Amino acid sequence: TQRIDGARTVVLVGLMGAGKSCVGRRLAARLGRPFVDADDQIVKAAGLSIAEIFTVYGESAFRDCERKVMARLLEAPPSVLAAGGGAFMDTETRALIQRQAVSVWLRADLDTLVSRTVGRTHRPLLNTGDPRAKLQALMTERYPVYAEADVVVDTGPDSADQTTHAVLRAL
Ligand code: S3P
């Protein structure tokens, strides 16, 4: 573990369904740090669900809120932080993550993402149209940017425990 210096937060990035929350919880336990889910913190701060924020105020208001919450969480004592899938796409947030944290991209293939997101309706970006096509489009748009993370770990149909071990080895 050369990249973990005990002082920096580990931020998990990747698409919806990549396993950021599942793996993040396990990783935090292994590292003896708190686990923080950025989406949960946004919901708490706004007093509305993610879907409600999107419907009532729109995606750009959600991104504003996400940027503020991420900045606050990155100032807090070292944790394992599961970012929302879009957080690393925001120039400002990405710069903050790159300066203050160790970023880990959980890279997953399309089938894995589809299988882990079907039937879960809390993600507004996947609630209109064909979720598979949407995820494919997001992969094309986002994977070149996620590739700027410090560490890349491939995750497929393997268990969250296996992926957690892979992250620990890669750190
Ligand atoms: C989003 C991902 C979601 C949530 C919001 C937008 C995205 O988080 O922040 O629905 O743009 O990829 P998860 O990746 O935790 O599902």
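The values are calculated or read from the model by the stated rules, or taken from the named source; none is laboratory data. Since we're looking at a predicted model, the values are computed, not measured. Ideal geometry is used to build each Cβ from the backbone, glycine not excepted, and the neighbour counts take in all protein chains shown.
The table for this structure:
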| read-out | value |
| --- | --- |
| Region 113-126 residues that are more than 8 Å from the ligand (Cβ to nearest atom), paired with ones that are of a type in the set (S, T, N, Q) and outside any helix (DSSP H, G or I) (beta carbon under 9 Å, 6 or more apart) | T121/N127 |
| Residue tally, condition surrounded by fewer than 16 Cβ atoms within 10 Å (Cβ to Cβ) and touching a helix residue (DSSP H, G or I) at 6+ places or on another chain (Cβ under 7 Å), over region 68-94 | 2 |
| Hits in region 98-112 - residues which are over 20 Å from M139 (Cβ atoms) and in contact (Cβ under 8 Å) with a residue 24 or more places away in the chain | Q98, Q100, A101, V102 |
| Per-region count, region 32-52, residues more than 9 Å from the ligand (Cβ to nearest atom) and either buried (at least 18 other Cβ atoms within 10 Å of the Cβ) or in contact (Cβ under 8 Å) with a residue 12 or more places away in the chain (or both) | 9 |
| Unique residue being at pLDDT below 95 and of a type in the set (A, V, I, L, M, F, W, C) when the list is I4, I42 | I4 |
| Filter result for the condition that a residue is assigned to a helix (DSSP H, G or I) and not hydrophobic (A, V, I, L, M, F, W, C), over T140, T121 | T140 |
| Filtered residues of region 53-70 (kept if within 20 Å of L126 (Cβ to Cβ), aliphatic (A, V, I, L, M) and within 12 Å of the ligand (Cβ to nearest atom)) | I53 |
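Residue-wise test of (1) part of a helix (DSSP H, G or I); (2) under 15 Å from the mean Cα position of the chain (by Cα); (3) more than 15 Å from A108 (Cβ to Cβ).
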site	(1), (2), (3)
R132	yes, no, no
L135	yes, yes, no
P144	yes, no, yes
D154	no, yes, no
P157	no, no, no
H165	yes, no, yes
